[in-house]
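Colleague: Once you've had a glance at the structure underneath, I'll fire off some questions.
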Amino acid sequence: MKLILLIDILGTIAFAISGVLTALNKRLDPFGILIIAFVTAVGGGTLRDILIDANVAWMRNLTYVYVILGSTIFAVIFRKRLGYIRRSLFLFDTIGIALYTIVGVEKGIAAGFHPIICIALGTMTACFGGVLRDILCNEIPIIFRKEIYATACILGALAYFLLHFTPISEDFIVIISGSIVIIVRLFAVYFNLSLPCIYRKDKLES
Amino acid sequence: MKLILLIDILGTIAFAISGVLTALNKRLDPFGILIIAFVTAVGGGTLRDILIDANVAWMRNLTYVYVILGSTIFAVIFRKRLGYIRRSLFLFDTIGIALYTIVGVEKGIAAGFHPIICIALGTMTACFGGVLRDILCNEIPIIFRKEIYATACILGALAYFLLHFTPISEDFIVIISGSIVIIVRLFAVYFNLSLPCIYRKDKLES
Amino acid sequence: MKLILLIDILGTIAFAISGVLTALNKRLDPFGILIIAFVTAVGGGTLRDILIDANVAWMRNLTYVYVILGSTIFAVIFRKRLGYIRRSLFLFDTIGIALYTIVGVEKGIAAGFHPIICIALGTMTACFGGVLRDILCNEIPIIFRKEIYATACILGALAYFLLHFTPISEDFIVIISGSIVIIVRLFAVYFNLSLPCIYRKDKLES
């Protein structure tokens, strides 16, 4: 459990800092930066909790609030040097996405939803913080334009269900499906993979 | 009941394809296209269900999910030939809007809301999928700029309540008020009607 | 109680008119103007109620609906002359923000949330109508770019909690913390104060 708490916190830090970087890029003021950091970190889970009519996690557990506040202040102060921890941030982010996906899937199962809806809830938990961040910053969500990690989340969430048809134990299923999210994402970034482009190259300039 | 189910599915198809077309226009990737199709088709009803604190319909009834998935794949594959079924799509869309309006009004009544709120819920059900689609695609919602069908929904929803003061039976009230939505919309498109412009013509270039 | 009702109505009027002005600026049609007025006036409270899973206030109490409808019609008709009541509108707006902040904080306390969450709920009630207005109008929310009143709300909400450690009576606490919101905002506007700019001046052209 302590490992999961640690991963959760590292993921929240990475998400919050990604929000701060987008907000700085848009030259928002300190209040705007804080809101964007917050929405990026907890937006996906909040949307999930509203849809399944559950209590919103960060409103009852202040750990998230403190972590996001701290990360935001840290990121604003050291914004010129965040390049040095770029790799760590990317790793935290990837591990956080894997965890968020599994958490979303499990909350869906606990609420009695169909596997397809659970996969959607897992993907939403991991991806929609970034979607809300981009909408608040007046951009088309980057995840809709350029594959970042949605496919990794969907595949990991799918594996979670398929592995239940095998004799693998619950704990291992979580580890394996989480690892699938991480590996698919690392591969996609390393080999610069993305979903097949459905637009003709020659039209790309239009 | 089977007729209503059929209308519901045809409306969902038309809404999803409208989302796909907007997403293709913005050159979104397959994941983005799917999300926009989904949000366009079920966004209005989802917002309504969250506001009245009801269960979100598509999360418990997977018919919508399958129909939207199928429509999206169909529309992406045959995107160059959608022009051929343009008229059918417009018809499905119009009938779907009428049905969504009535469904929204009836859900409002069932939850014990005032007629004005029920009319707002009916209009929201029919119109806010498109609003969310446009926000996610970083556009001012088209329905706020150019009358598309909001007035048709409001008039149909209003008729639904007024007809209850007459001896007309419940079934007929649904048919008549739904027809009003359809007829007002067809008239508006055919004669290119819109809400009165409140801006002076001579300022239009500014 | 009658005073609070009056302040609430004046605040709603000021918020709705601010929505109308933004919508007119974007040349929206009458339906769009009405929706933006509505969202500006009740959006913050609606988001709060959804997050704390409470009944959405304007759906059960039609006073807001009538006030917003009336304000919108008034503001559209007299849009060229709204400059004459600019000062009154600013005053209503400021008093309304103070009231909305306190209402949000008190709803949070009633639902048993931690003071930090209550402060966030108060600020959200006062500020997020404007955020939703700007998103629907395809702008980065102005409150994220240029300090308007978020800090005033946060300070007033904070005072509300701190004053409970003093022997001051409940009624006075409400009046004092509301006054803090009003005074901080008036000072900020009068002396053109804003949150410290974290961007270097010389980079401002980039």
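The values are calculated or read from the model by the stated rules, or taken from the named source; none is laboratory data. All figures in this text were calculated on a predicted structure; none of them were measured in a lab. No Cβ is skipped: glycine too gets one built from the backbone with ideal geometry, and neighbour counts run over all protein chains shown.
Colleague: Output yes when any residue across region C:146-156 is basic (Lys, Arg), without any contact (Cβ under 8 Å) to a residue 12 or more places away in the chain and within 13 Å of chain A (Cβ to nearest Cβ), and no when none is.
Modeller: no
Colleague: May I pose another question? For region C:15-74, enumerate the residues that are under 23 Å from C:Val105 (Cα atoms) and among the polar types (S, T, N, Q).
Modeller: C:Thr40, C:Thr46, C:Asn55, C:Asn61, C:Thr63
Colleague: Any idea which of B:Ala159, B:Ala188 is of a type in the set (Gly, Ala, Ser), under 30 Å from C:Asn25 (Cβ atoms) and at pLDDT 80 or above?
Modeller: It is B:Ala188.
Colleague: Within region C:41-51, does at least one residue satisfy the condition of being free of Cβ contacts under 8 Å to residues at least 40 places away in the same chain, surrounded by fewer than 16 Cβ atoms within 10 Å (Cβ to Cβ) and not aliphatic (A, V, I, L, M)?
Modeller: no
Colleague: Now, a different point. What pairs come up if the first residue lies in region B:21-34 and is more than 7 Å from chain A (Cβ to nearest Cβ) and surrounded by fewer than 22 Cβ atoms within 10 Å (Cβ to Cβ), the second is hydroxyl-bearing (Ser, Thr, Tyr) and assigned to a helix (DSSP H, G or I), and their beta carbons are under 8 Å apart, counting only those six or more places apart or on different chains?
Modeller: B:Thr22/B:Thr40
Colleague: Now for a different question. Just to verify a result, which residue in region C:112-127, among those that are at the interface with chain A (Cβ under 8 Å from one of its Cβ atoms) and touching a helix residue (DSSP H, G or I) at 6+ places or on another chain (Cβ under 7 Å), is farthest from C:Ala157 (Cα to Cα)?
Modeller: Checking each candidate, the answer is C:Phe113.
Colleague: From the residues in region C:1-10 that are of a type outside the set (Lys, Arg) and over 14 Å from C:Leu69 (Cα atoms), which one is surrounded by the fewest Cβ atoms within 10 Å (Cβ to Cβ)?
Modeller: Step by step, filter region C:1-10, then rank; the result is C:Met1.
Colleague: Would you confirm, using the coordinates I've provided, whether B:Ile168 is part of a helix (DSSP H, G or I), closer than 25 Å to B:Ile7 by Cβ and not small (Gly, Ala, Ser)?
Modeller: Answer is no for this residue.
Colleague: To continue, here is another question. Restricting region C:128-144 to residues that are of a type in the set (D, E, K, R) and closer than 25 Å to C:Leu10 by Cα, which is farthest from the other protein chains (Cβ to nearest Cβ)?
Modeller: C:Arg133
Colleague: Going by the structure shown, is B:Thr63 touching a Ser or Thr at 6+ places or on another chain (Cβ under 9 Å), more than 21 Å from B:Cys137 (Cα to Cα), more than 11 Å from chain A (Cβ to nearest Cβ) and among the hydroxyl-bearing types (Ser, Thr, Tyr)?
Modeller: yes
Colleague: Residues that are at pLDDT below 95, hydroxyl-bearing (Ser, Thr, Tyr) and surrounded by fewer than 22 Cβ atoms within 10 Å (Cβ to Cβ): does region A:96-116 have at least one?
Modeller: No, region A:96-116 contains no residue that is at pLDDT below 95, hydroxyl-bearing (Ser, Thr, Tyr) and surrounded by fewer than 22 Cβ atoms within 10 Å (Cβ to Cβ).
Colleague: Ok, one more. From the list B:Gly43, B:Gly32, B:Gly19, B:Gly11, pick out the single residue that is among the small types (Gly, Ala, Ser) and at pLDDT below 90.
Modeller: Going through B:Gly43, B:Gly32, B:Gly19, B:Gly11 in turn, the sole match is B:Gly11.
Colleague: So B:Ile175 fits all but one of (1) among the β-branched types (Val, Ile, Thr); (2) modelled with pLDDT of 90 or more; (3) surrounded by 15 or more Cβ atoms within 10 Å (Cβ to Cβ); what number is the exception?
Modeller: (3)
Colleague: Would you list the helices (runs of 4 or more DSSP H) that sit entirely within region C:39-115 and hold 3 or more residues that are more than 17 Å from the chain's Cα centre (by Cα) and farther than 21 Å from C:Asp134 by Cα?
Modeller: C:63-77
Colleague: Given the conditions (1) of a type outside the set (S, T, N, Q); (2) in contact (Cβ under 8 Å) with a residue 12 or more places away in the chain; (3) more than 20 Å from C:Leu193 (Cα to Cα), which single one is not true for C:Ile109?
Modeller: Failed condition: (2).
Colleague: Do we have B:Ala120 as touching a residue at least 24 places away in the same chain (Cβ under 8 Å) and either in a helix (DSSP H, G or I) or of a type in the set (Ser, Thr, Tyr) (or both) here?
Modeller: no
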